[in-house]
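Colleague: Here you go, one structure.
The values are calculated or read from the model by the stated rules, or taken from the named source; none is laboratory data. Computed from a predicted model, the values in this text were never measured in an experiment. Ideal geometry is used to build each Cβ from the backbone, glycine not excepted, and the neighbour counts take in all protein chains shown. The protein model used for the area step is the full one, side chains on, heavy atoms only, and it has no ligands, DNA or RNA in it. Shrake-Rupley method; radii C 1.70, N 1.55, O 1.52, S 1.80 Å.
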Amino acid sequence: MLKYLTQENADDIEFIKNILSKSNLSYLNGKPIRLVGGSKSFAYQVNDYVVRFPKAEIIWQSQQLEVKISELLQAKLPDKWKNKVTNVVCCSTSEYPFAYHKIIKGKICDNIRGETSYNTCYDNLSESQKKLLAQDIAEFLVSLHSIPTEITNPMAENWNFTSKPDFNYELCKSVLLKYSDNKINIDDFKCNIANDDLVFAHNDMSGSNIVLDEQQDNVLQGILDFGNAGIMPRINDFFPYYKINRHLARHIISAYNEISSIKINQSSADYTVLVYLGYIMYNQEKQGKTMSSFALMILNNFMCDLYGDN
């Protein structure tokens, strides 16, 4: 019977090293270095590889789906993109299963973490780098959305929060007005969110899942974590960029619309993210929790880009 790491043994490096040695994978012999983040798995760097131990059975199932998706991407993506996506392999030769892939060198782009040795901020990129980043992501998405497949993912999140049974439009409107000083009225953005425009989507291309090299003009080096990928609404692949910066999201949509036969409605993307924020925020208020800095950061960024404030 398979077991899954807990917080206690995840910090025991010798324990992790022993698990990996039992896999008989020579390239995973070495001292594991614990990596930060990861809500679904415990991650380590071992030589030139990232090893991820799932925290639960459902995550292990998701990692096995990633293997199928990796095979699909290597078969169907243009050569330009094959080396920029992770080729995931699963191993269950020991009682603790894990997935691994080669490291894509660079930094993630998660604004909430600030500038660190492993993370960069979108605002620190040059204007030309920002433009090329948007163009490269748009080109990748057009290629991804063109892949014919029937792979579905029942574990993936549908980012249209209006479909949630406890979604309340009036509460959403109220909380956004409150925390935006009456600058964001969701009535001004309300529109249809197209759930019937289905494509093969990554479904979670937020900043922690893209790898950048600030020293390059074309900063995009890789796209990580296809654990949420599958046949999903096209709009789902444009929502996560708002977690980085609405400026980036707008420019990706613009670049995408220039080269895709199917166009993305900017208002639909704006409405999707505002519904998401409102849903998070009014639920936090109902539970008496302090408003999350993550939600407030995205809302403030949205307003700054919308009104030109810096």
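Colleague: For segment 181-267, what % of the accessible area comes from carbon and sulfur atoms, probe 1.4 Å?
Modeller: Ligands and nucleic acids excluded, carbon and sulfur give 38 percent.
Colleague: Another question, then. Explain nothing, just the number: relative contact order of the chain, from Cα pairs under 8 Å at least 6 residues apart, as a whole percent. Walk me through the intermediate numbers first.
Modeller: Numbers: 505 pairs, mean separation 54.4, N = 310.
Computed over the chain, the figure is 18 percent.
Colleague: Quick one: among ALA75, ALA138, ALA249, which has the greatest mean-square fluctuation in a GNM of the chain with alpha-carbon springs under 10 angstrom?
Modeller: Highest fluctuation among the options: ALA75.
Colleague: How do ILE262, ILE231 rank by accessible surface area computed with a 1.4 Å probe, from largest to smallest?
Modeller: On the way: ILE262 70, ILE231 45 Å².
The most accessible residue leads, giving ILE262, ILE231.
Colleague: From the alpha carbon gyration tensor of segment 4-150, can you work out the equivalent ellipsoid semi-axes (sqrt of 5 times each eigenvalue) and give them in Å, largest to smallest?
Modeller: Calculated on Cα positions only, the semi-axes equal 29, 21, 13 Å.
Colleague: Right, something else. What residue among MET232, MET205, MET297 has the largest mean-square fluctuation in a Gaussian network model of the chain, using Cα springs under 10 Å?
Modeller: Of MET232, MET205, MET297, the Gaussian network model singles out MET297 as fluctuating most.
Colleague: For the chain, what does the accessible surface come to per residue with a 1.4 Å probe? Please give it in Å².
Modeller: Per residue, the chain has 47 Å² of solvent-accessible surface.
Colleague: Calculated from DSSP H runs of 4 or more alone, at -39500 (n - 2.57) each and per residue, what is the 222 nm mean residue ellipticity of the chain, nearest 500?
Modeller: Numbers: 9 runs with 117 residues, N = 310.
About -12000 deg cm²/dmol.
Colleague: Sticking with this one: Give the average over all directions of the projected area of the C-alpha convex hull of the chain, one decimal, in nm².
Modeller: The number I arrive at for the chain is 17.0 nm².
Colleague: Oh, and also: Using the alpha-carbon centroid of each, what span in Å lies between segment 14-50 and segment 213-259?
Modeller: Result: 29 Å between the Cα centres.
Colleague: Moving on to the next point. Tally Lys and Arg at +1 and Asp and Glu at -1 over the other residues with C-beta under 12 Å from the C-beta of LEU125: what net charge comes out?
Modeller: Numbers: positive: LYS107, LYS130, LYS131; negative: GLU115, ASP123, GLU127, ASP213, GLU214, ASP217.
In short, -3.
Colleague: What relative contact order, as a whole-number percentage, does segment 1-146 give when Cα pairs under 8 Å and 6 or more residues apart are counted? All intermediate terms of the calculation are to be shown ahead of the outcome.
Modeller: Numbers: 179 pairs, mean separation 27.7, N = 146.
Normalised by residue count, the contact order of segment 1-146 is 19 percent.
Colleague: Efficiency by 1/(1 + (r/R0)^6): what FRET value for ASN87 and ASN29, r their Cβ-Cβ distance, R0 = 22 Å, to the nearest 0.05?
Modeller: In this case the efficiency is close to 0.65.
Colleague: Magnitude of the Cβ-charge dipole of segment 128-245, K/R +1 and D/E -1, about the Cα centre, nearest 20 debye?
Modeller: 360
Colleague: Using DSSP to call loops (not H, G, I, E or B), can you name the GluC sites (Glu not before Pro) in segment 40-122 whose Cβ has at most 15 other Cβ atoms within 10 angstrom?
Modeller: Taking segment 40-122 and a limit of 15 other Cβ atoms within 10 Å, the loop GluC sites (Glu not before Pro) found are GLU95, GLU115.
Colleague: Just reorder VAL67, VAL275 by solvent-accessible area, largest first, 1.4 Å probe, all chains present.
Modeller: Largest accessible area first, the list is VAL67, VAL275.
Colleague: Moving on to the next point. Can you give me the % of accessible surface on segment 1-145 that is carbon or sulfur? Probe 1.4 Å, all protein chains present, nothing else counted.
Modeller: Values: 3610 of 7280 Å².
Carbon-and-sulfur percentage of accessible area, whole number: 50.
Colleague: Between segment 155-173 and segment 64-111, how many Å separate their Cα centres?
Modeller: 30
Colleague: Could you tell me what fraction of 2.2 N^0.38 Å the Cα radius of gyration of segment 7-83 comes to, as a two-decimal ratio?
Modeller: Compared with the compact-globule rule of thumb, segment 7-83 sits at 1.25.
Colleague: Further question: Suppose every Lys and Arg Cβ carries +1 and every Asp and Glu Cβ carries -1, with no other charges. What dipole size does the chain come out with about its Cα centre, to the nearest 20 debye?
Modeller: 420
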